[in-house]
Amino acid sequence: MNWYQYDIEQIENTLHVNTKNGLLHKQVKTRQKQFGQNQIEEEKKVSRIYLFMVQFQDVMVLILFAAALVAGLLGEMIDATAIMIIVILNGCIGFFQEQKAESSLEKLKQLAAPKASVLRESKWIKVDATEIVAGDIIRLQSGDRVPADVRLIQTKGIETEESAITGESIPVTKHATAIQGDHIEPQEQANMAFKGTLVTRGSGEAIVVAVGMDTMMGQIASLMTHTKKIATPLERRLGELGKVLIVAVLLLTALVVGIGIVQGNPTYEMFLAGVSLAVAAIPEGLPAIVTVALSLGVQRMIRKKAVIRKLSAVETLGCASVICSDKTGTITQNMMTVQQLYVNGKIIDVTGAGNDSEGSFYSDHQIIDRTFPSLENLLLYAMICNDASLGVHQGKYIIDGDPTDGALLIAARKLGLTEAEGKQYRIIKEYPFESTRRRMTLIVEDAHKRRFLITKGAPEILIPRSTFQLKDSLSSKLTDEAGLHNEVEKMAKQALRTLAICVKPLHKDVLLDDPMIEQDLTFVGLVGMIDPPREEVAPAIEQCKKAGIKTVMITGDHVSTATAISEDIGLLDEQSRVMEGRDIEQMSQVELTDQIEEIAVFARVSPAHKLRIVEAFQAKGHIVAMTGDGINDAPAIKASDIGISMGRTGTDVTREASSLILMDDNFTTIKDAIREGRNIYENIRKFIRYLLASNVGEILVMLFAILLGYPLPLIPVQILWVNLVTDGLPAMALGLDKPEKNVMSKKPRDANEGIFAHGLGFKIISRGILIGAVSLIAFMTAYHFTNGDLDVSRTHAFSTLVMTQLIHVFDCRSEKSIFSRNPFGNFYLIGAVIISFLLLVVVIYSPFLQVIFHTVPLNWFEWMFITALSIIPTVFFGVSKK
């Protein structure tokens with residue numbers, strides 16, 4: 001229902017309540033039974049047992065289970081046990097990662113006010129906010145958290161800060177008058193206050209019109225609950241890889257077992273060969289290595305002030321093609337800052353941050369100080385007629401009170417005015433700010449007992465009330481009122497929020513309640529302020545453009561403000577345009593999707609609009625990163641491919657819904673994260689190339705040995721050792737490779753791009769063929785020279801396979817050739833290769849491990865022969881550059 005359209009009597013009749021007496025206790029109990037408690041519903045949680053079991057539903061895992069079962073039935077208990085241990089270990093890794101359950105809805109519940117002042121049966125009482133029902137009459141005061149969605153019925157200068165709902169940090173002045181019009185956005189409903197928002201000034205009474213999931217916050221929670229989780233590009237690519245490997249395992253196993261039986265080989269040996277091929281074809285270490293590589297990326301990100309909540313988000317960032325950014329607190333500083341003054345007929349530019357006293361004042365590009373005519377008067381009066389106060393934390397100002405008042409205090413500090421100078425004026429009477437008056441007025445007395453009226457407020461209210469103006473610190477007749485309105489317009493075009501400051505000397509015998517006391521004012525000047533963009537945002541957006549990434553600003557603010565900010569940071573250009581929330585409301589999702597790539601700025605949007613915007617970009621095939629800090633951003637953040645929240649100013653709800661948290665709230669950190677994400681994906685491709693080339697080599701050496709009538713060159717436990725221990729450490733080291741210099745000059749990769757794109761499949765197969773060929777040559781040579789000694793022959797094949805892969809890993813560092821990058825550029829890789837080689841030596845020469853792995857010691861001549869074979873694949877492809 002559009003409660004903002006109803007007058008008080010209509011609401012009383014609809015909700016069956018009298019605003020003078022409140023609800024009866026009997027009515028409250030009935031409504032609580034009918035509508036439930038005033039709280040946010042929880043999303044149904046998945047049991048831990050279910051989470052653990054789903055880790056083993058992948059077909060690749062099931063094939064390994066089958067292989068373990070067959071090996072066990074054949075009496076090969078070592079092989080069966082080794083396979084089971086690896087499968088369970090990988091399952092545990094996945095389980096603990098999934099255990100990071102999202103607690104977004106819990107955080108939403110914590111934002112609700114714990115207690116509320118309620119009128120029931122003509123008595124004001126305190127009750128738990130969860131017990132409030134529709135129709136309750138509640139009282140709101142400065143500092144209160146609004147406990148439910150309410151329609152205001154009495155106001156005394158009340159203002160609410162609604163950034164958590166609408167995304168805008170400027171407090172909204174409220175009133176109790178009915179508003180006519182349909183489809184009015186929440187930020188325009190000035191007679192409503194919403195659950196979870198904060199009362200920053202004044203007081204009032206209201207009727208509760210919605211509780212629990214029916215509130216604005218509840219609707220946002222509902223959006224989050226029903227938002228679909230989508231697979232990341234990496235998850236989709238690995239899923240495709242799994243399908244390829246499954247087909248390969250089934251075909252090869254069937255082929256080898258069938259050929260072997262036709263050739264008259266024992267069924268036992270053929271089934272053991274099938275198990276060996278299954279183990280060889282599946283890269284058991286890949287899931288764990290991907291997880292470790294992503295985890296290492298997370299550690300690097302933390303050092304750059306970015307905390308990754310979901311490992312897959314690291315890689316997803318690398319293919320982000322659109323960044324949908326909230327304006328307030330993300331692109332801007334979420335800090336009202338005075339940037340311009342109009343005093344003594346001159347425009348004064350003010351520099352410096354909004355939380356620091358360091359700053360300068362410029363007139364006609366010349367620096368000025370407090371001796372400039374009337375400048376000190378303007379900021380002194382703004383400091384006196386002020387309800388805010390300043391604290392200091394880590395050398396920066398903290399504002400207690402209204403952000404606009406705080407900005408005025410900090411501007412005064414920049415000029416050198418102190419708190420003591422303001423306290424020299426004693427307040428005689430205060431006329432608080434109200435939405436109907438649109439001004440705040442103080443009557444003060446200075447140390448010389450002279451009385452003044454000081455007022456600040458909307459220029460269109462105070463300028464017509466001014467008869468005089470302060471010029472050269474002296475009062476003179478105001479002759480150009482139109483000129484002042486023109487200056488206001490100039491500031492408005494720069495998206496500056498304007499205030500006029502006026503003063504009036506008073507005689508002591510003047511009646512303080514005289515309705516004409518605020519007439520015949522002396523106009524002192526104008527103050528223009530804005531929530532300015534962060535200094536680092538513009539260059540970060542430019543770098544994103546070069547990387548082929550589109551940045552889109554989404555805000556609940558006015559079109560004029562959004563346009564000015566976007567032009568200032570280079571976001572809006574001739575090829576892009578601005579769209580309002582009401583335009584989105586009138587469009588179908590198909591129409592929005594058709595136009596989405598033309599839009600750079602979305603203004604006056606609701607949480608539901610943000611969700612539609614993200615989905616429209618995704619429908620166009622984009623990988624979308626959504627940034628934000630308010631509750632209103634949480635559903636879109638959750639729906640996006642990667643959600644980014646602010647660590648300092650962000651709400652707990654948004655942080656829990658996100659995948660990446662920026663601890664410094666710095667837009668530049670997103671750019672660094674994208675760079676890291678791109679590098680991680682390239683590194684993942686490197687070790688997939690390395691691991692799968694090894695797997696292809698293992699498969700081919702087994703397959704051709706059987707086709708040629710030889711025994712199995714490798715047994716399952718040896719293959720497991722190669723796949724996990726020998727390959728594992730170098731693969732992890734590849735995950736630490738540094739990015740190429742041109743990583744941020746490339747366009748984002750296509751979300752539909754296969755993991756084998758850009759010739760990776762050819763590299764895997766071609767290298768795998770040669771790895772398999774040299775390993776088979778080593779096996780056959782030893783088999784003939786030793787008259788069929790299987791332990792010696794398998795040791796040769798095993799050692800050649802390991803050595804070939806340890807040399808081949810250096811070829812995987814570059815898409816071009818082993819000679820195109822410094823082989824010593826990755827010290828982790830050198831260390832991993834040395835350790836893997838030493839482990840091979842231990843397996844060959846340790847008596848205990850010789851029994852398990854069926855190996856025998858090798859002499860120096862054998863090592864030289866194995867080494868000569870091992871360098872062939874890498875040298876061949878390094879020279880051919882294919």
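The values are calculated or read from the model by the stated rules, or taken from the named source; none is laboratory data. Owing to the predicted nature of the structure, the values given are computational and were not obtained by experimental measurement. Every residue, glycine as well, gets a Cβ built from its backbone with ideal geometry; the counts of neighbours run over all protein chains shown. Please note that ligands, DNA and RNA were not included when accessible areas were found on the heavy atoms of the full protein model with its side chains. Shrake-Rupley method; radii C 1.70, N 1.55, O 1.52, S 1.80 Å.
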Subject >> Meets criteria (surrounded by fewer than 16 Cβ atoms within 10 Å (Cβ to Cβ), among the charged types (D, E, K, R) and touching a residue at least 60 places away in the same chain (Cβ under 8 Å)) for Asp811 >> reply: no
Subject >> Failed criterion for Val17 (all others in (1) exposed (fewer than 15 other Cβ atoms within 10 Å of the Cβ); (2) assigned to a loop (DSSP other than H, G, I, E, B); (3) not acidic (Asp, Glu) hold) >> reply: (1)
Original post:
Looking at (1) farther than 22 Å from Asp629 by Cβ; (2) in contact (Cβ under 8 Å) with a residue 60 or more places away in the chain, which is the only condition Thr371 fails?
Top reply: (2)
Original post:
Here are some residues: Ser588, Ser560. Which one is among the hydroxyl-bearing types (Ser, Thr, Tyr), farther than 30 Å from Lys346 by Cβ and open to solvent by 10 Å² or more (accessible area, probe 1.4 Å)?
Top reply: Ser588
**OP:** Please find, among Val717, Val701, the residue that is part of a helix (DSSP H, G or I), on the phi < 0 side of the Ramachandran plot and surrounded by fewer than 22 Cβ atoms within 10 Å (Cβ to Cβ).
**Re:** Val717
Original post:
If you check Val843 against the conditions, is it more than 23 Å from Arg767 (Cβ to Cβ), hydrophobic (A, V, I, L, M, F, W, C), in contact with a helix residue (DSSP H, G or I) (Cβ under 7 Å, 6 or more places away or on another chain) and buried (at least 18 other Cβ atoms within 10 Å of the Cβ)?
Top reply: yes
Original post:
When only residues in the range 814-840 that are closer than 19 Å to Met732 by Cα, among the aromatic types (Phe, Trp, Tyr) and touching a residue at least 24 places away in the same chain (Cβ under 8 Å) count, which is least open to solvent (accessible area, probe 1.4 Å)?
Top reply: Phe837
**OP:** Go through the residues of the range 265-282 one by one and say whether even a single one is more than 23 Å from Ile642 (Cβ to Cβ), open to solvent by less than 30 Å² (accessible area, probe 1.4 Å), at pLDDT 75 or above and assigned to a helix (DSSP H, G or I).
**Re:** yes
Original post:
Taking Gly735, is it under 37 Å from the mean Cα position of the chain (by Cα), surrounded by fewer than 17 Cβ atoms within 10 Å (Cβ to Cβ) and among the small types (Gly, Ala, Ser)?
Top reply: no
**OP:** Kindly list, by first and then second residue, each pair from a residue in the range 396-408 that is farther than 15 Å from Val199 by Cα to a residue that is of a type in the set (Val, Ile, Thr) and crowded, with 22+ Cβ neighbours inside 10 Å, limited to pairs with Cβ atoms under 7 Å and residues at least 6 apart or on different chains.
**Re:** Tyr397/Ile410; Ala407/Thr337; Ala407/Val338; Leu408/Val338; Leu408/Val527
Original post:
Right, Ile541: part of a helix (DSSP H, G or I), surrounded by 15 or more Cβ atoms within 10 Å (Cβ to Cβ), touching a residue at least 60 places away in the same chain (Cβ under 8 Å) and out of contact with any Phe, Trp or Tyr (no Cβ under 7 Å at 6 or more places or on another chain) or not?
Top reply: yes
Original post:
In the list Thr160, Thr215, which residue meets the criterion of being in contact with an Asp or Glu (Cβ under 7 Å, 6 or more places away or on another chain) and on the phi < 0 side of the Ramachandran plot?
Top reply: Thr215
Original post:
Of all strands (runs of 3 or more DSSP E) completely enclosed by the range 292-379, which ones contain at least 2 residues that are of a type in the set (A, V, I, L, M, F, W, C), closer than 24 Å to Ala634 by Cβ and touching a strand residue (DSSP E or B) at 6+ places or on another chain (Cβ under 8 Å)?
Top reply: 306-308, 322-326
Original post:
Which one of the conditions (1) at pLDDT 70 or above; (2) more than 30 Å from Ala68 (Cα to Cα); (3) in contact with a Phe, Trp or Tyr (Cβ under 9 Å, 6 or more places away or on another chain) does Ala320 fail to meet, given that it meets all the rest?
Top reply: (3)
Original post:
Which of the residues belonging to the range 168-183 are open to solvent by 40 Å² or more (accessible area, probe 1.4 Å) and under 32 Å from the mean Cα position of the chain (by Cα)?
Top reply: Ile170, His183
Original post:
What is the residue count in the range 343-374 for residues that are in contact with a Leu (Cβ under 8 Å, 6 or more places away or on another chain), closer than 16 Å to Met529 by Cβ and open to solvent by less than 30 Å² (accessible area, probe 1.4 Å)?
Top reply: 4
**OP:** Name, by its number, the condition in (1) open to solvent by less than 30 Å² (accessible area, probe 1.4 Å); (2) among the hydrophobic types (A, V, I, L, M, F, W, C); (3) not in a strand (DSSP E or B) that does not hold for Ala500.
**Re:** (3)
Original post:
Out of Thr160, Thr130, Thr81, which single residue is modelled with pLDDT under 90, closer than 30 Å to Tyr268 by Cβ and of a type in the set (Ser, Thr, Tyr)?
Top reply: Thr81
Original post:
Failed condition for Met579, given (1) at negative phi; (2) open to solvent by 10 Å² or more (accessible area, probe 1.4 Å), with all others met?
Top reply: (2)
Original post:
Just one of Ile661, Ile565, Ile637 is within 14 Å of Ser325 (Cα to Cα), in a helix (DSSP H, G or I) and either in contact (Cβ under 8 Å) with a residue 60 or more places away in the chain or open to solvent by 30 Å² or more (accessible area, probe 1.4 Å) (or both); which is it?
Top reply: Ile565
Original post:
Could you say which residue among Asp136, Asp149 is open to solvent by less than 50 Å² (accessible area, probe 1.4 Å), under 24 Å from Gly581 (Cβ atoms) and modelled with pLDDT of 90 or more?
Top reply: Asp149
Original post:
With respect to Thr330, is the statement that it is of a type in the set (S, T, N, Q), under 30 Å from Asp472 (Cα atoms) and buried (at least 21 other Cβ atoms within 10 Å of the Cβ) true?
Top reply: no
Original post:
Which of the residues spanning the range 192-216 are within 26 Å of Ala388 (Cα to Cα), among the polar types (S, T, N, Q) and buried (at least 23 other Cβ atoms within 10 Å of the Cβ)?
Top reply: Thr197
**OP:** Considering only residues that are assigned to a loop (DSSP other than H, G, I, E, B) and within 22 Å of Thr498 (Cβ to Cβ), look in the range 409-444 and name the one that is least open to solvent (accessible area, probe 1.4 Å).
**Re:** Leu417
Original post:
Hey, Leu801 hits all of (1) touching a helix residue (DSSP H, G or I) at 6+ places or on another chain (Cβ under 8 Å); (2) within 21 Å of Gly728 (Cβ to Cβ); (3) of a type outside the set (Ser, Thr, Tyr); (4) exposed (fewer than 14 other Cβ atoms within 10 Å of the Cβ) but one; which does it fall short on?
Top reply: (4)
**OP:** Only residues that are under 23 Å from Leu806 (Cα atoms), touching a helix residue (DSSP H, G or I) at 6+ places or on another chain (Cβ under 6 Å) and in a loop (DSSP other than H, G, I, E, B): list them for the range 720-754, please.
**Re:** Asp727, Gly735, Leu736, Asp737, Pro739
**OP:** Among residues belonging to the range 457-467 that are farther than 14 Å from Ile517 by Cα and in contact with a Leu (Cβ under 8 Å, 6 or more places away or on another chain), point out the one that is surrounded by the most Cβ atoms within 10 Å (Cβ to Cβ).
**Re:** Pro459
